[in-house]
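Take a look at the structure below.
What follows is calculated from the coordinates using simple rules that are stated; it is not laboratory data. No experiment lies behind these values; they were computed from the predicted model shown. Here the Cβ positions follow ideal geometry from the backbone for every residue, glycine too, while neighbour counts run over all protein chains shown.
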Number of protein chains: 2
Amino acid sequence: MPVLPELLAANQTYAAGFAKGDLPMPPARKVAVLTCMDARIDPAKALGLEEGDAHVIRNAGGLAAEAIRSLAISQELLGTREIVVVHHTDCGMLTFTDEVIRGRLAASLGEEAGAAAAGMAFLPFADVEESVRRDVAAIAASPLIRPDTAVAGFVYDVKTGRLTPVE
Amino acid sequence: MPVLPELLAANQTYAAGFAKGDLPMPPARKVAVLTCMDARIDPAKALGLEEGDAHVIRNAGGLAAEAIRSLAISQELLGTREIVVVHHTDCGMLTFTDEVIRGRLAASLGEEAGAAAAGMAFLPFADVEESVRRDVAAIAASPLIRPDTAVAGFVYDVKTGRLTPVE
């Protein structure tokens, strides 16, 4: 059973009660949040963000390597000045290696997928605190990020809903 | 005034009432949503998603070009089988060109930023429906995406909160 009809029904309900049609494009709270695509994380609820407040960038792992384009646009065109990086416990990125996922994709999808996967870095990591530290440093060091940006890093615990700062 | 202390205070409140500590890693509704980082979009509220339901991938524009790694991980390792692509009206990506943002970053941040920006594709687009069509097609055609995947594309209207399908 496809889930799309349920999502569209939920959207009708949301739109019927929608009262935020006059928000400007630039985020009101001038912050960009970078986090994982993980289904257990709701960044808006977990950080108290309302529509209009913040840019939210998400990918597998919440990785800076795939977020510099978005962060540069966020800062230069839309005025954000803080960045919050949130990785999390029990992340899928801790469970595999490039070799493992390349082999699985080739087995599932065939030769063309194997060749495409061989050329892709899937960016798994072995330690979540270390990945936060690395990504905070990578963002702070990027020439495309304003040097006065406050970049803070956290681990989100999917069992408790709580953020812990990574120093 | 930094906004981070407010986000952390909101997180304390969220964690204090947190009752979803036993969710499994794979998304319960087996769907991945790809959308823009835009502050006005709350994908969970707009699509009726609870914690644990869906992968949510977000970048500037909601672009497939930067999402294939995440989507392949989502499908191969975590079992999602539908993909919903949501771009939106009044998107920042409609307001500039690579030349414009490269010039602005060089002017704001200096020579090193100019050189870095010259080597980056910022991926602006001129027509939101066309960008949805292109990205749905790019995902469906990727060798790293399961050929049986339902990929649906929508434009979200930031004035009404409503999704419109793009055929």
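Before moving on, here are some points about what is shown:
- From the list B:Gly114, B:Gly119, B:Gly110, B:Gly79, the one residue that fits, being under 18 Å from A:Glu66 (Cβ atoms) and not aliphatic (A, V, I, L, M), is B:Gly119.
- The one condition in (1) closer than 14 Å to A:Leu7 by Cβ; (2) out of contact with any strand residue (DSSP E or B) (no Cβ under 9 Å at 6 or more places or on another chain) that B:Glu51 fails to fulfil: (1)
- Within region B:120-147, the set of residues being small (Gly, Ala, Ser), within 22 Å of B:Leu163 (Cβ to Cβ) and within 14 Å of another protein chain (Cβ to nearest Cβ) comprises B:Ala138, B:Ala140.
- Checked against (1) out of contact with any strand residue (DSSP E or B) (no Cβ under 8 Å at 6 or more places or on another chain); (2) in contact (Cβ under 8 Å) with a residue 60 or more places away in the chain; (3) farther than 25 Å from A:Met25 by Cβ, B:Ala137 passes all but a single condition, namely (2).
- Within region A:74-87, restricting attention to residues that are more than 7 Å from chain B (Cβ to nearest Cβ) and over 22 Å from B:Met93 (Cβ atoms), the residue that is surrounded by the fewest Cβ atoms within 10 Å (Cβ to Cβ) is A:Val86.
- Residues satisfying the stated conditions in region A:38-56, i.e. over 17 Å from B:Leu34 (Cα atoms), free of Cβ contacts under 8 Å to residues at least 24 places away in the same chain and at the interface with chain B (Cβ under 7 Å from one of its Cβ atoms): A:Lys45, A:Gly48
- Looking only at region A:1-26, and only at residues there that are more than 7 Å from chain B (Cβ to nearest Cβ), part of a loop (DSSP other than H, G, I, E, B) and of a type in the set (A, V, I, L, M, F, W, C), the one that is farthest from B:Gln75 (Cα to Cα): A:Ala19
- Of all the criteria given as (1) surrounded by fewer than 24 Cβ atoms within 10 Å (Cβ to Cβ); (2) acidic (Asp, Glu); (3) farther than 24 Å from A:Ala141 by Cα; (4) under 16 Å from the mean Cα position of the chain (by Cα), the one not satisfied by A:Asp22 is (4).
- Odd one out for B:Leu71 among (1) among the aliphatic types (A, V, I, L, M); (2) surrounded by fewer than 22 Cβ atoms within 10 Å (Cβ to Cβ); (3) over 18 Å from B:Leu163 (Cβ atoms): (2)
- Residue check, A:Ala117 at the interface with chain B (Cβ under 7 Å from one of its Cβ atoms), crowded, with 16+ Cβ neighbours inside 10 Å and within 19 Å of the chain's Cα centre (by Cα): no
- Test result for A:Arg29, more than 8 Å from chain B (Cβ to nearest Cβ), more than 12 Å from the chain's Cα centre (by Cα), over 22 Å from B:Ala64 (Cα atoms) and among the basic types (Lys, Arg): no
- From the list A:Glu111, A:Glu6, A:Glu99, A:Glu66, the one residue that fits, being within 12 Å of the chain's Cα centre (by Cα) and of a type in the set (Asp, Glu), is A:Glu66.
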